[in-house]
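Below is one structure, written out as structure tokens; comments come after it.
The values are calculated or read from the model by the stated rules, or taken from the named source; none is laboratory data. Treat the numbers as computed from the prediction; the structure is a model and nothing was measured. Counting neighbours? That spans all protein chains shown, and the Cβs are built from the backbone with ideal geometry, glycine included.
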Amino acid sequence: MPNDVDVSRLRQEILAKVGEYYRLAHASQGQNAPFVPGETFVNYGGRVYDERELQAGVEAILDFWLTDGPRAEAFSDDLEAYLGLKHILTVNSGSSGNLVAMTTLRSAQLDRPLQAGDEVITPAATFPTTVAPIVQNGLIPVFVDCKVGTYNIDVDLLEAGLSDRTRAVFVPHILGNPVEMDAVMAFAAAHGLYVIEDTCDALGSVYDGKPCGTFGHLATFSFYPAHHITTGEGGAVGTNDSRLHHIAHTIRDWGRDCWCDYRSDRNGECGHRFDWEIPGLGEPYDHRYYFTEIGYNLKMTDVQAAIGIPQIAKLESFVAARKRNFRVLYEGLLPYQDRLILPKWSPKADPAWFAFTLAVPETAPFTRRELNDYLKERKIETRYLFAGNILHQPGYANIPHRVATPLTETDRVLKSALFIGVYPGMDDARLDYMLQAFEDFLA
């Protein structure tokens, strides 16, 4: 039999060695590496971590709980506490979170489920996985325009998107910039609509004193490496509605109705595992194999969740760093407002910025491509703003949809917008270098 004292001692030695390994192999890499102007690549985003994340991941491996387990539960608890939400359901990506959330609203267990052919209002300037689950669920995306500057859905156009088939609104907080949720929720309440917030870019952002992701019926989050915290791949679905949470849990877990914790009792917490009726069978059935939804397997692993727990502990500092880095770039680029469209946000918004978005106005003496190529030459990483206009993307050009308003601003995004980084790995040297590059290009 193993000696518990020896096992514990060995475990602590392993974790101490992992800490030592981090200091030797990781501490001077990535954002911690010395910055050499013109030689060091300036990332738009990336992982910010220390020995705690490595130790947490290794400790989870030592326990060898490979699927979701106690650490996924602890991660959910921490995120619920941070956001003030009643329920957080971990999933394997923010995109899967969007799929689970949208599919939840199609459930026949709801009094008012969405039906095939129902319409969902959403912006055309978006990341594809906001639109994909609408289409995948047999629903019709109804596209309205955005606003260049905020890049969010133009809430003044929501009424223009309404029809007798409208059942939901799916709004992403683009690049951490909060949508005007008071207007969205008032519109939804007036017409009896569901609201899903895609908060994948906006963990830590606040609107009118309330965290983004806590306004709608459902919200989604992403923990991809460039996002506000990371578990590698990973995401979550949040809600204050216990029924929606139960359905989402079922859809995430193969469509299985049961989600008892079997770690302590193989008969399940309810004690009625083998007491479930299947019509026509004539005898009770195992609740572990009782399926009430057409579902998937989209769970987060316990190793991912283990890495996420120390990330949540750092979230406030990450948010503060993003805000500070954004402010430095914004103030540094103010002199060039005649040649660049700088970010805009609502007076009620307190964004935890994902990135710093710029658009090149039609009157500028250069194009986006010229600016982008120059930044690339200076080793400054850029991204165009997601899909631009989603309907111009080959995979979405022929989807069933309705265009409710002219997409004039969305087409401007397609042609003129790009973003650079503000992630917590930025330091003064990198920020100064970026500002100097813009000055050299624009002077």
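Please find, among TYR194, TYR207, the residue that is within 17 Å of the chain's Cα centre (by Cα), aromatic (Phe, Trp, Tyr) and either outside the structural domain of ARG106 (by TED's automatic domain parsing) or crowded, with 20+ Cβ neighbours inside 10 Å (or both).
Exactly one residue qualifies, and that residue is TYR207.
Find all pairs meeting these conditions: Cβ atoms under 7 angstrom apart; at least six residues apart or on different chains; first residue within the stretch 144-155 and of a type in the set (Ser, Thr, Tyr); second residue part of a loop (DSSP other than H, G, I, E, B).
THR150/ASN177; THR150/LYS344; THR150/TRP345; TYR151/ALA125; TYR151/ASN177; TYR151/LEU385
Here's a check for you: in the stretch 389-405, which residue that is in contact (Cβ under 8 Å) with a residue 60 or more places away in the chain and not in a loop (DSSP other than H, G, I, E, B) is nearest to ARG430 (Cα to Cα)?
ILE390
What's the number of the condition LYS86 fails, among (1) closer than 30 Å to GLY138 by Cα; (2) in contact (Cβ under 8 Å) with a residue 40 or more places away in the chain; (3) surrounded by 15 or more Cβ atoms within 10 Å (Cβ to Cβ)?
Of everything listed in (1) closer than 30 Å to GLY138 by Cα; (2) in contact (Cβ under 8 Å) with a residue 40 or more places away in the chain; (3) surrounded by 15 or more Cβ atoms within 10 Å (Cβ to Cβ), LYS86 misses just condition (3).
If you take the residues of the stretch 213-233 that are within 11 Å of the chain's Cα centre (by Cα), in a loop (DSSP other than H, G, I, E, B) and of a type in the set (A, V, I, L, M, F, W, C), which of them is farthest from GLY421 (Cα to Cα)?
This residue is PHE223.
Provide a single number: the residues in the stretch 79-109 that are assigned to a helix (DSSP H, G or I), touching a strand residue (DSSP E or B) at 6+ places or on another chain (Cβ under 9 Å) and more than 17 Å from GLY232 (Cα to Cα).
Looking only at the stretch 79-109, we keep the residues that are assigned to a helix (DSSP H, G or I), and these are 79-83, 94-104.
Subset that is touching a strand residue (DSSP E or B) at 6+ places or on another chain (Cβ under 9 Å): 79-80, 82-83, 94-102, 104.
Filter once more, so that each one left must be more than 17 Å from GLY232 (Cα to Cα): 80, 82-83, 98-102, 104.
Residues in the stretch 79-109 being assigned to a helix (DSSP H, G or I), touching a strand residue (DSSP E or B) at 6+ places or on another chain (Cβ under 9 Å) and more than 17 Å from GLY232 (Cα to Cα): 9 in total.
Would you mind telling me which numbered condition in (1) out of contact with any Gly (no Cβ under 9 Å at 6 or more places or on another chain); (2) closer than 30 Å to ASN372 by Cβ; (3) among the charged types (D, E, K, R) ARG322 fails?
Tallying (1) out of contact with any Gly (no Cβ under 9 Å at 6 or more places or on another chain); (2) closer than 30 Å to ASN372 by Cβ; (3) among the charged types (D, E, K, R), ARG322 fails exactly one: (1).
From the residues in the stretch 110-136 that are under 20 Å from the mean Cα position of the chain (by Cα) and assigned to a loop (DSSP other than H, G, I, E, B), which one is surrounded by the fewest Cβ atoms within 10 Å (Cβ to Cβ)?
Applying the filter and picking the extreme gives PHE127.
One line per residue, one yes/no per condition, for (1) free of Cβ contacts under 8 Å to residues at least 40 places away in the same chain; (2) in the same structural domain as THR199 (by TED's automatic domain parsing); (3) within 17 Å of the chain's Cα centre (by Cα):
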position	(1), (2), (3)
GLY282	yes, yes, no
GLU293	no, yes, no
ARG322	no, no, yes
ASN325	no, no, no
PRO335	yes, no, no
ILE341	no, no, no
PRO365	yes, no, no
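Check whether at least one residue in the stretch 35-44 is surrounded by 12 or more Cβ atoms within 10 Å (Cβ to Cβ), aliphatic (A, V, I, L, M) and assigned to a helix (DSSP H, G or I), and report yes or no.
Within the stretch 35-44, not a single residue is surrounded by 12 or more Cβ atoms within 10 Å (Cβ to Cβ), aliphatic (A, V, I, L, M) and assigned to a helix (DSSP H, G or I).
Determine whether the stretch 377-388 contains at least one residue that is out of contact with any Lys or Arg (no Cβ under 9 Å at 6 or more places or on another chain), surrounded by fewer than 19 Cβ atoms within 10 Å (Cβ to Cβ) and in a helix (DSSP H, G or I).
yes
Of the residues in the stretch 198-226, how many are closer than 16 Å to THR90 by Cα, in contact with a Cys (Cβ under 7 Å, 6 or more places away or on another chain) and of a type outside the set (Val, Ile, Thr)?
2
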